[in-house]
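Participant: Pasting a structure here, questions to come.
The values are calculated or read from the model by the stated rules, or taken from the named source; none is laboratory data. Please read these numbers as outputs of a predicted model, since none were measured by experiment. Cβ: placed from backbone, ideal geometry, glycine included. Neighbour counts: every protein chain shown. To get the accessible areas, we keep the full protein, side chains included, count just its heavy atoms, and leave off ligands, DNA and RNA. Shrake-Rupley method; radii C 1.70, N 1.55, O 1.52, S 1.80 Å.
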Amino acid sequence: MHIHPQQREEALDGASAARNLVSLLTPLLTDDTGYSSGTSSPVQMSTRDCRGILSAIQALVPTLIPDSPIFAAFHDGQVHDPLGGGSYAFQDDLVGPVLQALLNDEALSNDDKRRAGNRSDETSTQNCPTTNHELNTQRPIPLPNRPIVIHAGVQPNNSPHVGTIVVFCYAFSLARGIRDRMQAAAVNVDDEPPFVSVEITFVDTAPVKGEGTEIGGIEYQRSYRDVPGALDTYMADYEEVLYLLSTWSGIRVTTAFQYNLFSSPIIPSILRYFVAHHDLLGRQLSPKHGKLALRAACPIPGCALAEKHGQLNIYNDTNHAQNKTASPAANDPTITFHCPHHGPHTISVSNPADVARLEANAPARSLIRSMSHLLDTKAHHVRITGADYAGMYQEMFLYRPLAAWSAATGLAAGRTPHILYAPLIVDWSGAKLSKTLYVREGGYNAMKLFGTDGLGSFAQLKSRFGSNGSEGLRRIWEEVQGWLGDPKKLFRPFSLEYLQRVIIEEKKWES
Ligand SMILES: [Zn+2]
């Protein structure tokens, strides 16, 4: 580990730092403190004396482990949840506005149906989201009619850490909040409220570390689903977490894989749009490479290499080609992928077995999934994801391409995805707790030293609580439910230090 010269200097000076601290602490051992406050109680020592002790502690702490210095920071234990932006707007309620947004989607669909009928209506689509007269008159209290699915996704390449668990807890908590709100609203009404469930999608097309290669400046990867046994390592942890959260919330959970997304009957039509607009989408979705990162693993047995960024893909949009005399199958758009060892292999976007082989990087996957959700008029889809995806990421990679798609095709007019962002769990510097940090040299050791290692993974959390292994998860579940109950808390990050006391020690902070 690189040690700053100043840190080395501090480390070498450990003995004098210790002596200094001891000399400052010694008066505290007697009733007569000798401190300048003039009182006999050490708790009333002057700010200056207190600051002196804190400074002495800060000078000493880095000397304790000179090879890997640690640093002392202090706080007053006061928890603030300041209002502003989302925390102000949704201060009183989060579930209600989400339900209202789903109602608006149904109103738009109903208007679409009316327009499709023989009655022309001057009401424009843009005017509809705020009016739900039809729905309001159908039921005393308006409720959505379609089932509601709360989604979250995860790369199963580690035992879930607290950030992932928070996303899961948010999904189940929101699902329960929506279900309970609708049930309360449906009392004395004959209609049953629509079913609410959680769906967790495993990104089994994430690259397996150490299985990739780079040839001629092009990156190739092998995905989890193509490496035997790779998925098995942590799946039991995910299944246990999901089983417990489903049991505690009373919300049904389903799991899905990338195959399920690409097997949806709506996907071929979306892919035709992707093939026809791959140039624009490539520039929009990949600032680094300017190419659409669709992938397919090489079908040669035992190979399964997929070109990571889709830089060598060849798109054949035969719908726009001159060959109109060919058979319908020959007019299907195709994508040809490149294996460094076995050459090109092609999929037809109309062949379900071909399409099920497809993989996409995070922005392309998110866009395809969002389009498929927007086109599903049988269910509502709400997504929970980490707050690090909020803002520019979604505006650039999701909402702008969706707007262009909707304008070009007329599909999903006026509707956008429903996405809620889970608070990030951050370290002392404000960086999110990441899997990389957890496994990186030093990251794990420091968390162990600080007593926060239980937040690094579900496996660690379970071992922390010994025979009562699910206790840590239950505390995170309780905490996240508290955020839903006081929604301003959903619009800020939480530190490991905050969670250490709440989750590991089960104590409250002052707020
Ligand atoms: Zn190959």
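Participant: Pull up the stretch 215-253, narrow it to residues that are aromatic (Phe, Trp, Tyr) and under 28 Å from GLN183 (Cα atoms), then point me to the one that is least open to solvent (accessible area, probe 1.4 Å).
Facilitator: First, pick out the residues of the stretch 215-253 that are aromatic (Phe, Trp, Tyr): 220, 224, 234, 238, 243, 248.
Subset that is under 28 Å from GLN183 (Cα atoms): 243, 248.
On the way: TYR243: 151, TRP248: 74 Å².
In this case the residue turns out to be TRP248.
Participant: Quick test of your reading of the structure: GLY212 fulfils all but one of (1) surrounded by 14 or more Cβ atoms within 10 Å (Cβ to Cβ); (2) in contact with a helix residue (DSSP H, G or I) (Cβ under 9 Å, 6 or more places away or on another chain); (3) in contact (Cβ under 8 Å) with a residue 24 or more places away in the chain. Name the failing condition by number.
Facilitator: That leaves (2) as the condition not met.
Participant: Considering only the stretch 342-410, give the strands (runs of 3 or more DSSP E) lying wholly within it that have at least 1 residues that are within 16 Å of the ligand (Cβ to nearest atom). Spell out how you get there, then give the answer.
Facilitator: Working: elements: 343-348, 358-360, 380-386.
Because the criterion is at least 1 residues that are within 16 Å of the ligand (Cβ to nearest atom), the strands (runs of 3 or more DSSP E) in the stretch 342-410 that meet it are 343-348, 358-360.
Participant: Report yes if GLN322 is modelled with pLDDT under 95 and either of a type outside the set (Ser, Thr, Tyr) or within 10 Å of the ligand (Cβ to nearest atom) (or both), otherwise no. Show your work before the answer.
Facilitator: Working: modelled with pLDDT under 95: yes; either of a type outside the set (Ser, Thr, Tyr) or within 10 Å of the ligand (Cβ to nearest atom) (or both): yes.
Spelling it out, GLN322 is indeed modelled with pLDDT under 95 and either of a type outside the set (Ser, Thr, Tyr) or within 10 Å of the ligand (Cβ to nearest atom) (or both).
Participant: Further question: Do you know which residues across the stretch 196-209 are of a type in the set (A, V, I, L, M, F, W, C) and surrounded by fewer than 20 Cβ atoms within 10 Å (Cβ to Cβ)? Write out each step before concluding.
Facilitator: Let us first name the residues in the stretch 196-209 that are of a type in the set (A, V, I, L, M, F, W, C), namely 196, 198, 200, 202-203, 206, 208.
Correct list: VAL208 only.
Participant: Specify the residue that is farthest from the ligand (Cβ to nearest atom); the eligible residues are those in the stretch 258-307 that are under 24 Å from the mean Cα position of the chain (by Cα) and in a strand (DSSP E or B).
Facilitator: Checked the stretch 258-307; the qualifying residue farthest from the ligand (Cβ to nearest atom) is LEU294.
Participant: On to the next question. Suppose we filter the stretch 440-490 for residues that are over 21 Å from SER173 (Cα atoms) and of a type in the set (Asp, Glu); how many remain?
Facilitator: Counting residues in the stretch 440-490 that are over 21 Å from SER173 (Cα atoms) and of a type in the set (Asp, Glu) gives 2.
Participant: Here's a follow-up. Taking MET392 and the conditions (1) over 27 Å from ARG222 (Cβ atoms); (2) open to solvent by 30 Å² or more (accessible area, probe 1.4 Å); (3) at pLDDT below 95; (4) not β-branched (Val, Ile, Thr), which numbered condition does it fall short on, given that it satisfies the others?
Facilitator: Only one criterion in (1) over 27 Å from ARG222 (Cβ atoms); (2) open to solvent by 30 Å² or more (accessible area, probe 1.4 Å); (3) at pLDDT below 95; (4) not β-branched (Val, Ile, Thr) is unmet by MET392, namely (3).
Participant: Can you tell me which residue within the stretch 421-435, out of those that are open to solvent by less than 20 Å² (accessible area, probe 1.4 Å) and of a type outside the set (Gly, Ala, Ser), is nearest to LEU490 (Cα to Cα)?
Facilitator: So in the stretch 421-435, the residues open to solvent by less than 20 Å² (accessible area, probe 1.4 Å) come out as 422-423, 425-426, 433.
Subset that is of a type outside the set (Gly, Ala, Ser): 423, 425-426, 433.
Working: PRO423: 6, ILE425: 12, VAL426: 14, LEU433: 17 Å.
Among those residues, the one meeting the criterion is PRO423.
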